[in-house]
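Just so it is clear, none of the values below were taken in a lab; they were calculated from the coordinates. All of these numbers come straight from a predicted model, not from anything done at the bench. We place every Cβ from the backbone using ideal geometry, glycine too, and count neighbours over all the protein chains shown.
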C-alpha cells in the first residue's frame with residue numbers, strides 16, 4: 001500500500017509524505033479503550049489524554065481494519081507471531097518464508113528491501129525520499145536488518161570502516177549507524193534509541209519542517225504495550241498493559257499534531273498508518289492462538305478492497 005501510494009501521481013502537485021507508526025504487541029481488543037471515548041481517554045489509570053488512533057479516524061476517508069500476524073496458519077508461510085517476523089512482513093510486504101525472518105534472531109534478506117530503503121533509492125517514480133527506521137529494540141540493528149545497514153555502508157559517498165554488527169552492543173551499533181548516516185549517498189537513516197521517550201523525541205524532530213533531522217518518510221515503533229504485556233500480561237484485564245497502550249497512543253497523537261502544524265502541511269499529501277506486529281497471550285506470544293494472531297491497521301486514507309485477503313480467515317487451516 002505504501003509502495004502504491006508513493007508510485008501514484010501526486011494529487012495537485014503535493015509533496016508525498018509517510019508516517020508509519022507501530023505499537024509493538026498491541027492486541028486488537030485493546031482498541032476498545034480508545035474507540036468508545038475518542039476525545040478524552042485516560043483518567044486514574046493512564047497518563048494519556050488524547051488518542052492518535054482516534055485522531056486518525058476523524059478523517060473522512062479513514063478506516064480501521066482487522067488483520068493477522070503469523071503468516072497463513074497451516075501453510076508453508078506460517079511464521080512465529082513474534083516481533084521480528086511481524087515487522088519484517090510489514091516493512092517488506094512479504095512473509096518470512098520470502099524475506100528470511102520467520103522468528104526472532106534472524107536476518108532479513110537484502111533481496112526484499114524495506115519500503116524505506118526502496119523509497120530512498122528512488123524506486124517510486126524516480127523521487128528519492130529521505131527516510132528513517134527508528135526503534136528501541138537493539139536486535140533490529142544487530143540481527144534483523146544488518147543487510148540493509150551494510151548495503152548503505154557499501155553505498156557511502158565517503159568510506160566507513162566495516163563493523164561486525166552481529167551481537168554488537170548498543171554503543172557500537174549507535175556509532176556505526178551514525179557514521180553510515182553521515183556518509184551514505186542514499187538518504188535513509190537507521191536510528192537506535194533507548195526507550196519510547198527517546199523514540200518520540202526523535203520522531204518529533206523528524207517531522208519538524210526545516211529541521212536538521214527532517215525526513216519525508218518516518219517509520220518508528222513504540223514498545224509500551226509489548227513491554228508491559230511481557231511484564232504483567234497482555235489483555236484488557238491488565239492495568240499496566242492498557243496504560244502502555246494509552247501512553248504510546250498519546251505520543252502518536254502529539255506526533256500527528258506536529259505533522260498537522262507543519263507550515264507546508266497544506267501542500268503535502270500524507271499517508272498515515274498506525275498498526276501492530278502481533279498480539280499476545282498471558283505474558284508471551286509467538287504461537288498461533290487468536291490472541292497472538294489478532295492485529296489491526298488504522299489508516300487515514302482507508303484501505304482499498306484490492307488489499308483485502310480472500311479465501312483465508314486469518315486463523316484456520318481450512319476455510
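Would you confirm, using the coordinates I've provided, whether residue 117 is closer than 21 Å to residue 214 by Cβ, buried (at least 17 other Cβ atoms within 10 Å of the Cβ) and either without any contact (Cβ under 8 Å) to a residue 12 or more places away in the chain or in contact with a strand residue (DSSP E or B) (Cβ under 8 Å, 6 or more places away or on another chain) (or both)? Judged against the criteria, residue 117 is a match.
On the basis of being surrounded by 24 or more Cβ atoms within 10 Å (Cβ to Cβ) and either at negative phi or in contact (Cβ under 8 Å) with a residue 40 or more places away in the chain (or both), does residue 234 make the cut? Don't jump to the end; show me each part of the working.
On the way: surrounded by 24 or more Cβ atoms within 10 Å (Cβ to Cβ): yes; either at negative phi or in contact (Cβ under 8 Å) with a residue 40 or more places away in the chain (or both): yes.
Yes; evaluated as a whole, the condition is true for this residue.
If you go through the range 173-195, how many residues are part of a strand (DSSP E or B) and closer than 17 Å to residue 129 by Cα? Number satisfying all stated conditions: 5. For the residues 281, 246, the requirement of being touching a residue at least 12 places away in the same chain (Cβ under 8 Å) and out of contact with any helix residue (DSSP H, G or I) (no Cβ under 6 Å at 6 or more places or on another chain) singles out 246.
If I ask for residues that are over 16 Å from the mean Cα position of the chain (by Cα) and crowded, with 16+ Cβ neighbours inside 10 Å, which ones from the range 182-204 would you list? Passing the criteria: 184, 186, 187. Only a single item in (1) touching a helix residue (DSSP H, G or I) at 6+ places or on another chain (Cβ under 7 Å); (2) within 30 Å of residue 211 (Cβ to Cβ); (3) buried (at least 22 other Cβ atoms within 10 Å of the Cβ) is not met by residue 228, and it is number (2). Scanning the range 8-28 for residues that are farther than 23 Å from residue 65 by Cα and exposed (fewer than 13 other Cβ atoms within 10 Å of the Cβ) yields 9, 11, 12, 13. Scanning the range 120-136 for residues being surrounded by fewer than 19 Cβ atoms within 10 Å (Cβ to Cβ), in contact (Cβ under 8 Å) with a residue 40 or more places away in the chain and more than 14 Å from residue 188 (Cα to Cα) gives a total of 1. Screening the range 196-212 for residues that are free of Cβ contacts under 8 Å to residues at least 12 places away in the same chain and part of a helix (DSSP H, G or I) and picking the one that is nearest to residue 261 (Cα to Cα) gives 205.
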